[in-house]
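> I have a structure I would like to understand better, so I am pasting it below and will then ask my questions one at a time.
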Amino acid sequence: MIARAEILAAIRAAEVPPAPTPAPVPDAADAADLLQQFRSTLESVGGASAVCEPMQVFEEVVYTLLGPGRHAVVVLPGRFAVAENGAVYVDADDLTNRADVVLATELVLVVPTGAIVATMHEAVRRLPAGSRCGWFLSGPSKTADIEQALVIGAQGAKTLLVVFRD
Amino acid sequence: MSAGHPEAAAAFLNDSERAAWHDQALWFVRQRRDRATDLPEWEALRDRAAELKAYAMANLAGLLEAFETRATASGVTVHWARDAKEHNRIVFDLLRQRSATRVAKSKSMLTEECQLNPYLAARGIEVVDTDLGERIVQLAGEAPSHIVLPAIHWKKEEVGTLFHTHFGTPADESSPDALAAAAREHLREVLLHADAAITGANAMVAGTGGVVICTNEGNADLGMHSAPIHIVSVGIEKIVATLDDLGVLLRVLARSATGQPITAYTTHITAPRPGAEMHVVLVDNGRSARLADPEFRSALHCIRCGACLNTCPVYRRSGGHSYQYSIAGPIGAILAPAVDLDAHRALPFASTLCGSCKDVCPVRIDIPVQLLAWRGRIASANALPKGYAAIFARLGGIVADRTRFESAGRWARRALRFLPPALLAGRWNPWTRAGRELPLAPAQSFREWARREGRVE
Ligand code: SF4
């Protein structure tokens with residue numbers, strides 16, 4: 001506890017002059033087509049998405065997206081999507097095991113239709129109060145650590161699909 | 001300290017082909033950043049990011065206390081470390097008490113700064129760096145050469161040879177896909193079975209008591225949600241006040257770092273999973289002292305995006321290892337002298353003061369001004385790097401005296417125009433020694449031209 005007291009005392013002794021409280025960032029002006037923006041951004045970060053229409057079978061939508069011969073998928077619920085960066089927010093409260101978000105090789109996130117915000121400013125305001133753990137997942141796991149060549153599927157998901165469904 | 005930055009940079013430049021390749025690799029990342037930051041609100045975002053950092057530094061003690069209260073309430077144990085030694089000791093005690101012998105670590109510049117790996121290795125604990133780039137340099141017995149791209153100086157064929165030795169990939173395998181796949185097998189094995197996970201943090205949020213960790217590979221998440229204990233090592237300056245502030249940071253961080261709109265994984269964690277432990281070690285290690293120095297205070301705003309490295313003409317052409325500090329590039333050159341002025345006194349001179357770092361910095365740190373201020377301090381401490389004092393005294397005398405300055409210019413132009421190149425490009429000339437052509441000198445100076453045109457006296 002000496003360390004704590006000493007560090008806090010040193011910080012206070014530094015007497016940093018007051019700085020204004022940053023103004024809250026306003027929500028984005030009504031963006032045109034958030035769904036379209038989300039879908040193209042997600043594609044640019046290596047993911048894919050679809051909207052499951054009321055008459056469609058969810059599994060069929062997923063397998064169409066996946067392509068032939070791939071079946072073992074993990075389906076997790078997402079709370080909402082972020083148009084500017086292709087991310088989906090997933091909260092640990094909705095999962096049985098936190099590690100599932102990274103253990104799954106083929107990951108499907110199901111997001112309620114219409115649950116899309118424009119930017120991270122709105123997104124952080126939608127974090128559930130008292131959330132114990134949550135993620136913004138933007139496309140599959142990736143690395144460019146070998147000569148800046150993009151490799152999809154570094155250590156987590158090799159495929160990340162987002163399906164909007166009511 | 002052995003050789004300083006100039007010597008190490010000269011050695012790097014000896015392999016001119018590799019130096020050019022390194023330069024291009026980083027310029028490529030810089031260009032990706034330019035495309036990703038092409039948003040109408042980008043400059044306003046940078047303003048807002050600078051403000052939130054200034055606010056956090058002005059209220060640092062209170063914000064840390066608020067963070068601690070919230071984190072503790074949700075089951076996290078918060079530790080405080082005055083310096084690297086104390087940090088290492090705390091981490092070691094936590095591991096020893098749980099008989100941990102194998103630790104999976106995700107990227108953390110702070111543990112580099114504290115030299116945690118060698119400290120734990122000396123006490124029988126194996127630390128595996130699980131970021132692919134960090135694993136490459138770790139297997140090779142090197143330090144990262146870049147804060148975001150640790151193995152940017154490695155060619156894929158070299159990674160192939162390294163992985164052949166360690167993971168048994170085919171000897172001539174150099175495809176990034178195949179090599180990354182081999183690393184995936186190895187690293188997932190390590191991450192899922194480690195006795196403990198250590199991660200850094202990109203931010204702490206006082207308002208939620210949350211720690212925020214960004215990765216593209218997912219290694220931090222694999223480790224922290226699998227191991228029985230998760231230890232977060234984080235510098236005290238990483239705190240932000242609110243989720244609103246976090247939103248701003250997350251918008252600028254990955255765009256500046258790699259040109260992505262956000263990293264693939266952004267984790268906000270406030271509580272350990274049921275049955276597991278979570279510890280946060282808050283580290284000072286010189287930060288509070290820097291906070292007390294108005295001239296260099298804003299260096300604490302750094303969010304370690306690496307943009308200033310990617311854009312820096314000196315960094316790109318001298319390589320991260322030439323800085324001989326855990327953080328290379330322009331930001332390293334203003335952080336390192338505060339740690340050890342004598343050892344790092346050449347770094348503030350490793351810059352042309354072109355200002356490109358300041359132009360890309362997402363939190364608007366005025367790096368060139370701080371480089372200049374360090375030069376002043378180094379000169380007043382009589383600690384100028386070898387040879388600089390004599391040159392500066394000479395040069396100072398000339399530029400301070402208009403007549404001498406003009407005649408020196410005249411002589412230099414004549415020499416460049418009329419002396420045989422072989423004489424000018426001798427071993428004594430550091431400009432040509434580095435393989436550069438001497439510039440063509442104009443017949444007259446700007447001032448002479450203006451005088452002739454009747455524009456000045
Ligand atoms: S100084 Fe600025 S540009 Fe450089 S790493 Fe830090 S935040 Fe990024």
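> Quick one: Debye curve from the alpha-carbon atoms of segment B:44-252 only, equal weights, vacuum; give me log10 I(q)/I(0) at q = 0.08, 0.18 Å⁻¹ to two decimals.
-0.31, -1.30
> Considering the alpha-carbon set of segment A:60-113 alone, what are its Rg and its Dmax in angstrom?
11.9, 33
> What base-10 log of the normalised intensity I(q)/I(0) is obtained for segment B:206-355 from the Debye formula, alpha carbons as equal point scatterers, at q = 0.18 Å⁻¹?
-1.24
> Mind checking which lysines have their C-alpha under 24 Å from B:LYS85, skipping anything on the same chain fewer than 8 residues away?
Reachable lysines: B:LYS105, B:LYS107, B:LYS238.
> With bins 10 Å wide starting at 0, give me the P(r) of the protein assembly as shown over every alpha carbon pair, in whole percents.
3, 15, 25, 26, 16, 8, 5, 2, 0
> Over the whole of A:122-132, what's the average partner chain Cβ count within 10 Å per residue? Rounded to a whole number, please.
On the way: counts 1, 7, 13, 4, 1, 8, 0, 1, 4, 6, 10.
Mean inter-chain Cβ contacts per residue within 10 Å come to 5.
> Suppose every Lys and Arg Cβ carries +1 and every Asp and Glu Cβ carries -1, with no other charges. What dipole size does segment A:25-165 come out with about its Cα centre, to the nearest 20 debye?
Values: 10 positive and 16 negative charges, 53 e Å.
That gives segment A:25-165 a dipole magnitude of about 260 debye.
> Sort B:30-39, B:156-165, B:429-438 for me by packing, meaning the mean count of neighbouring Cβ atoms within 10 Å per residue, highest on top. Before the final figure, lay out each step's value.
Working: B:30-39: 15.6, B:156-165: 18.4, B:429-438: 12.0.
Taking the mean over residues of other Cβ atoms within 10 Å, the ranking is B:156-165, B:30-39, B:429-438.
> Going by a ≥ b ≥ c, the root eigenvalues of the Cα gyration tensor, does segment A:25-165 fall in the rounded group (a/c under 1.5), the prolate group (a/b larger than b/c) or the oblate group?
Values: a/c = 1.31, a/b = 1.19, b/c = 1.10.
Note, shape of segment A:25-165 comes out rounded.
> What does the structure give for B:202-214 when I average, per residue, the other chain Cβ atoms found within 10 Å of the residue Cβ?
On the way: counts 0, 0, 0, 2, 0, 0, 5, 0, 5, 1, 1, 1, 1.
Mean shielding by partner chains, rounded to a whole number: 1.
> How would segment A:103-166 be classified by its alpha-carbon gyration tensor: rounded, prolate or oblate, with rounded meaning a/c under 1.5 and the a/b versus b/c comparison settling the rest? Before the final figure, lay out each step's value.
On the way: a/c = 2.08, a/b = 1.68, b/c = 1.24.
Taking the square roots of the gyration eigenvalues as a ≥ b ≥ c, segment A:103-166 is prolate.
> Sorted by packing (mean other beta-carbon atoms within 10 Å per residue), highest first, where do B:200-211, A:78-89, B:399-410 land? It would help to have the intermediate numbers written out before the result.
Values: B:200-211: 24.0, A:78-89: 25.7, B:399-410: 12.3.
Final packing ranking: A:78-89, B:200-211, B:399-410.
> Between the helical axis of B:388-399 and the dominant principal axis of chain B, each derived from Cα atoms, what acute angle in degrees is found, rounded to the nearest 10?
Taking the Cα atoms of chain B, the angle to B:388-399 is about 50 degrees.
> Count charges around B:ALA434 for me, please; just the other residues with Cβ under 15 Å from its Cβ, Lys/Arg as +1, Asp/Glu as -1. Spell out each step's value before the answer.
Values: positive: B:ARG18, B:ARG316, B:ARG317, B:ARG427, B:ARG433, B:ARG436; negative: B:GLU7, B:ASP15, B:GLU17, B:ASP23, B:GLU437.
Once positives and negatives cancel, what remains is +1.
> Ranked by accessible surface with a 1.4 Å probe, highest first, in what order do A:MET55, A:MET120 come? Working shown, then result.
Numbers: A:MET55 175, A:MET120 0 Å².
So, going from the largest accessible area down, we get A:MET55, A:MET120.
> Can you sort B:SER380, B:SER326 by solvent-accessible area, 1.4 Å probe, largest first?
Numbers: B:SER380 95, B:SER326 30 Å².
The ordering from most to least exposed comes out as B:SER380, B:SER326.
> Ok, one more. Against the empirical 2.2 N^0.38 Å scaling, what ratio does the C-alpha Rg of segment A:12-62 come to? Working shown, then result.
Working: Rg = 21.7 Å, N = 51, 2.2 N^0.38 = 9.8 Å.
Cα-based Rg divided by the globular estimate yields 2.21.
> Continuing with this model, one more query. At 222 nm, what helix-only mean residue ellipticity would chain B give, in deg cm²/dmol to the nearest 500, using -39500 (n - 2.57) for each DSSP H run of four or more?
Values: 23 runs with 236 residues, N = 457.
The helix-only estimate for chain B comes to -15500 deg cm²/dmol at 222 nm.
> So for segment A:1-110, averaging the separation of alpha carbon pairs under 8 Å that are six or more residues apart and normalising by length, what relative contact order in percent results?
Values: 80 pairs, mean separation 26.7, N = 110.
Computed over segment A:1-110, the figure is 24 percent.
> Report the label-to-label distance for B:LEU419 and B:ARG447 in nanometres (one decimal), using points 7 Å from each Cα along the Cα→Cβ vector.
Result for the modelled spin labels: 2.1 nm.
> Suppose every Lys and Arg Cβ carries +1 and every Asp and Glu Cβ carries -1, with no other charges. What dipole size does chain B come out with about its Cα centre, to the nearest 20 debye? Provide the component values of the computation, followed by the final result.
Numbers: 53 positive and 49 negative charges, 358 e Å.
Using only the charged Cβ atoms, the result is roughly 1720 debye.
> Using alpha carbon centroids, what distance separates segment B:238-281 and segment B:96-133, in Å?
21
> Tell me which of B:ILE367, B:HIS279, B:VAL232 sits at the most positive position along the dipole axis of chain B, charges placed on C-beta atoms (Lys, Arg +1; Asp, Glu -1).
So the residue furthest toward the plus end is B:ILE367.
> Something else now. Residue by residue through segment A:3-16, which ³J(HN,Hα) values in whole Hz follow from phi under the Karplus form 6.51 cos²θ - 1.76 cosθ + 1.60 (θ = phi - 60°), with glycine and proline marked x?
Once rounded to whole Hz, the list reads 4, 4, 4, 5, 5, 5, 5, 5, 5, 5, 5, 5, 6, 5.
> Still on this structure: With +1 assigned to the C-beta of every Lys and Arg and -1 to the C-beta of every Asp and Glu, and no other charges, what is the dipole magnitude of the protein assembly as shown about the Cα centre in debye, to the nearest 20? Write out the running numbers ahead of the final one.
Working: 65 positive and 68 negative charges, 506 e Å.
Around 2440 debye, computed over the protein assembly as shown.
> Right, something else. In degrees, nearest 10, range 0 to 90: what is the angle between the Cα axis of helix B:16-36 and the longest Cα principal axis of chain B?
On a 0 to 90 degree scale, this one is about 70.
> Related question: Select from segment A:143-157 all residues whose loss of accessible area on going from the chain by itself to the full protein assembly reaches 30 Å² or more (probe 1.4 Å).
SASA drop of 30 Å² or more in segment A:143-157: A:THR143, A:ASP145, A:ILE146, A:GLU147, A:GLN148, A:VAL151, A:ALA154, A:GLN155.
> Still on this structure, I have one more. Could you tell me which Cys residues in chain B have no other cysteine's Cβ under 4.7 Å from their own Cβ, answering none if every one has a partner?
Cysteines of chain B left without a disulfide-compatible partner: B:CYS114, B:CYS214, B:CYS302, B:CYS305, B:CYS312, B:CYS354, B:CYS361.
> On average, how many beta carbons from a partner chain sit within 10 Å of the beta carbon of a residue in B:167-180? Before the final figure, lay out the partial values.
Numbers: counts 0, 0, 0, 0, 0, 0, 0, 2, 3, 9, 6, 2, 5, 12.
Average neighbour count from other chains, rounded to a whole number: 3.
> Same structure again: If you build the convex hull over the alpha carbons only and average its shadow over all orientations, what do you get for segment B:401-452? Give it in nm² to one decimal. Walk me through the numbers before you get to the answer.
Working: hull surface 17.1 nm².
Here the figure is 4.3 nm², rounded to one decimal.
> Output the 0 to 90 degree angle, nearest 10, between the alpha-carbon long axis of helix A:34-44 and the longest principal axis computed from the alpha carbons of chain A.
Roughly 90 degrees, rounded to the nearest 10.
> Percent of accessible area on chain B owned by carbon and sulfur, 1.4 Å probe?
On chain B, the fraction of accessible area on carbon and sulfur atoms equals 56 percent.
> If the cut-off is a Cα-Cα distance under 14 Å, which aspartates and glutamates reach B:LYS156, setting aside same-chain residues fewer than 8 apart in sequence?
Hits, sequence-local ones excluded: A:ASP145, A:GLU147, B:ASP172, B:GLU173, B:ASP177.
> Can you tell me the order of B:448-454, B:353-359, B:119-125 when each peptide is scored by its average per-residue count of other Cβ atoms within 10 angstrom, highest first? Let's see the in-between values first.
Working: B:448-454: 11.4, B:353-359: 17.0, B:119-125: 14.6.
Result, highest mean first: B:353-359, B:119-125, B:448-454.
> Which whole-number value in Å² is the accessible area per residue of segment A:25-165, probe 1.4 Å?
Numbers: 5640 Å² over 141 residues.
With the other protein chains kept in place, segment A:25-165 gives 40 Å² per residue.
> With θ taken as phi - 60° and the coefficients 6.51, -1.76 and 1.60, list the Karplus ³J(HN,Hα) couplings across segment B:50-64 in order, rounded to whole Hz; mark glycine and proline as x.
5, 5, 5, 6, 4, 5, 5, 5, 6, 10, 4, 4, x, 5, 5
> Which percentage, to the nearest 5, of the DSSP beta bridges contained in the protein assembly as shown is antiparallel?
Just about 35 percent of them are antiparallel.
> Tally Lys/Arg at +1 and Asp/Glu at -1 over every other residue whose Cβ is under 14 Å from the Cβ of B:LEU95; what's the total? Don't jump to the answer; show the numbers that get you there.
Values: positive: B:ARG89, B:ARG96, B:ARG98, B:ARG102, B:LYS105, B:ARG123; negative: B:ASP93, B:GLU126, B:ASP195, B:GLU277.
That sum, taken over residues with Cβ under 14 Å, equals +2.
> Which whole-number percentage describes the relative contact order of segment B:44-252, with Cα contacts under 8 Å and a sequence gap of 6 or more?
Details: 306 pairs, mean separation 55.7, N = 209.
After rounding, I find 27 percent.
> Show me you know the interface measure: the accessible area buried between A and B, both chains summed, probe 1.4 Å, in Å² to the nearest 100. Could the numbers behind the result be given before it?
Details: alone 10460 and 21610 Å², together 26260 Å².
Heavy-atom accessible area buried at this interface is about 5800 Å².
> With a ≥ b ≥ c the root eigenvalues of the C-alpha gyration tensor of segment B:218-298, is it rounded (a/c under 1.5), prolate (a/b larger than b/c) or oblate? Intermediate values should be presented prior to the final figure.
Details: a/c = 2.28, a/b = 1.28, b/c = 1.78.
It comes out oblate by the Cα gyration axes.
> Under a 1.4 angstrom probe, counting protein chains only, how are B:ASP172, B:ASP221, B:ASP177 ranked by accessible area, largest first? Mind dumping the intermediate values first?
Details: B:ASP172 135, B:ASP221 0, B:ASP177 95 Å².
Per-residue accessible area, sorted high to low, gives B:ASP172, B:ASP177, B:ASP221.
> Can you work out the PRE-style zone for B:ALA389? Point 7 Å along Cα to Cβ, and I want the residues of segment B:321-342 with backbone N under 19 Å.
Counting only backbone N, you get B:341-342.
> Let me ask something additional. How high is the relative contact order of chain B? Use alpha-carbon pairs under 8 Å, at least six apart in sequence, and give a whole percent.
Working: 731 pairs, mean separation 92.1, N = 457.
Relative contact order for chain B comes out at 20 percent.
The values are calculated or read from the model by the stated rules, or taken from the named source; none is laboratory data. Predicted model, so just to flag it, every value in this text is computed and none were measured. Neighbour counts are summed over all protein chains in view; Cβ atoms, including those assigned to glycine, are modelled from backbone coordinates with ideal geometry. Note: areas computed on protein heavy atoms with side chains; ligands, DNA, RNA excluded. Shrake-Rupley method; radii C 1.70, N 1.55, O 1.52, S 1.80 Å.
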